[in-house]
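Beneath this line is the structure, given in structure tokens, with notes to follow.
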Amino acid sequence: MVELNQYYTPEFMSSLLASMLNIDKIFSCIELSAGEGSLIEPLKKINSSLQFTTVDLDPDNCQKLTEKYPEDIHICNNALNLNLDIKDDSFDLAVCNPPFASITKTAEHEHILGNEFSSVFVKSKKIRLEILFILRNLNLLKKNASLAIIVPDLIFNSNRLAEFRTLLFKTYSLSKIIECEHKCFNKTEAKTFILFIKKIKPNNNCQNIPYYILKNSELFKSSLNLRNNFNVNKKTNSALFDIFRGATSSKLCRATKESFHHNYSYLEDFSKIKYPITNKKLDKFKYAIEGDILINRIGRNVGRTIFLDSSCVIVSDCIIVVRFYNLELKAKFIQAWMKEKDNWLVSNIKGTCAKNISIGDVNSYIMSLS
């Protein structure tokens, strides 16, 4: 098996994804990074005449797909290879569970990004594979066709990708979203979303879209306001503060044998905390420094806020770190946050099984005070 941070789609999620698509009158479907074809079976049950073209890098997967679905087209290659024998604007549907990873950006990737999206990542040496797969799929679709793609939390909520999301959903229509509870995929604790995107310009009058939450194998329907969630704040925070989240799970943090900050239940809201001095910073981990404000991003105590009163500590991916360079804004934020946080959380918490807040929403709140 070729290892590329690929987490195969569980059967119940494949069935759920298929049930949310209207495929009675479509004829062709592209599946990039097809794996063992778990997304094919439920779609064929709904529409037996649906013709698949699959692409996967793993020869074993391609052999299994060829044996199980001999009537379809199966290509053993890198799905991002532009020399594949598949044409743009030629499929009625795309379904995809891409690898979750970051890779070095190449000229071929720039071509997939195109002029508009390349400008968003012009300073980036690396690019998320999920972004490339979203755009590659959309390029292959006919006008008005749909893409259903599984992505990790950071694609949907990361502040760093806010500009990408804003451009994406100004160019294409996000028709609905499924928020999937944690641990839906084996071998990863990553929270995931299924995005349903149509290859058509969005209707600016339609701001609220269906937002489904998957909890304990049950689906709960809500709605999401696109304008509130995907518009990039025109003000820049770069001179005023930095905001980021930890990069690693508590399990990986614990394995370092170093002190780390996590969403511990015993800490009191707006308290100070000290950690032992860290002599050496480890690669792939993110650190908070003295004076940083640490906010629980997820869990029972979501929003709980702690002030770091020691030199340096690893932060888990359950923590949002706010580092102010403007002390006046910092004081203003602390005063307002202490007074307004609980009400703000009521309006901004997402999820049911694992309640969470996004960096983008916290960033917008701080910018509203500047």
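Out of the residues in segment 13-58 that are in a strand (DSSP E or B) and farther than 22 Å from Val151 by Cβ, state the one that is most open to solvent (accessible area, probe 1.4 Å).
The selected residue is Gln51.
So in segment 173-188, with the set limited to residues that are at pLDDT 90 or above and open to solvent by less than 30 Å² (accessible area, probe 1.4 Å), which one is nearest to Gly299 (Cα to Cα)?
This residue is Ile178.
Hey, among the residues in segment 243-262 that are in a strand (DSSP E or B) and open to solvent by 30 Å² or more (accessible area, probe 1.4 Å), which one's nearest to Val315 (Cα to Cα)?
Across segment 243-262, the extreme among qualifying residues is Arg245.
When you go through (1) farther than 25 Å from Thr166 by Cβ; (2) of a type outside the set (S, T, N, Q); (3) part of a helix (DSSP H, G or I) one by one for Ile306, which number turns out not to apply?
(3)
Those residues that are part of a helix (DSSP H, G or I) and in contact (Cβ under 8 Å) with a residue 40 or more places away in the chain, I need them from segment 316-332; list them, please.
Correct list: Leu329, Lys330.
Which one is farthest from Phe270 (Cα to Cα), of the residues in segment 283-297 that are open to solvent by 10 Å² or more (accessible area, probe 1.4 Å) and over 23 Å from the mean Cα position of the chain (by Cα)?
Among those residues, the one meeting the criterion is Ile289.
Between a first residue in segment 32-47 that is under 15 Å from Met13 (Cα atoms) and a second residue that is basic (Lys, Arg) and surrounded by fewer than 18 Cβ atoms within 10 Å (Cβ to Cβ), which pairs have beta carbons less than 7 Å apart while being 6 or more apart in sequence or on different chains?
The qualifying pairs are Glu36/Lys64; Gly37/Lys68.
Can you go through Ser311, Ser271, Ser370, Ser265 and tell me which one is in contact (Cβ under 8 Å) with a residue 12 or more places away in the chain and open to solvent by less than 50 Å² (accessible area, probe 1.4 Å)?
Answer to the selection: Ser271.
One line per residue, one yes/no per condition, for (1) more than 27 Å from Ile26 (Cα to Cα); (2) free of Cβ contacts under 8 Å to residues at least 24 places away in the same chain:
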site	(1), (2)
Pro70	no, yes
Leu80	no, no
Ser102	yes, no
Glu110	yes, yes
Arg128	yes, no
Leu132	no, no
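The values are calculated or read from the model by the stated rules, or taken from the named source; none is laboratory data. Please read all numbers here as calculations on a predicted model, not as lab measurements. With ideal geometry, Cβ positions are generated from the backbone for all residues, glycine too; neighbour counts draw on all protein chains shown. Ligands, DNA and RNA are excluded from the accessible area calculation, which covers all protein heavy atoms including side chains. Shrake-Rupley method; radii C 1.70, N 1.55, O 1.52, S 1.80 Å.
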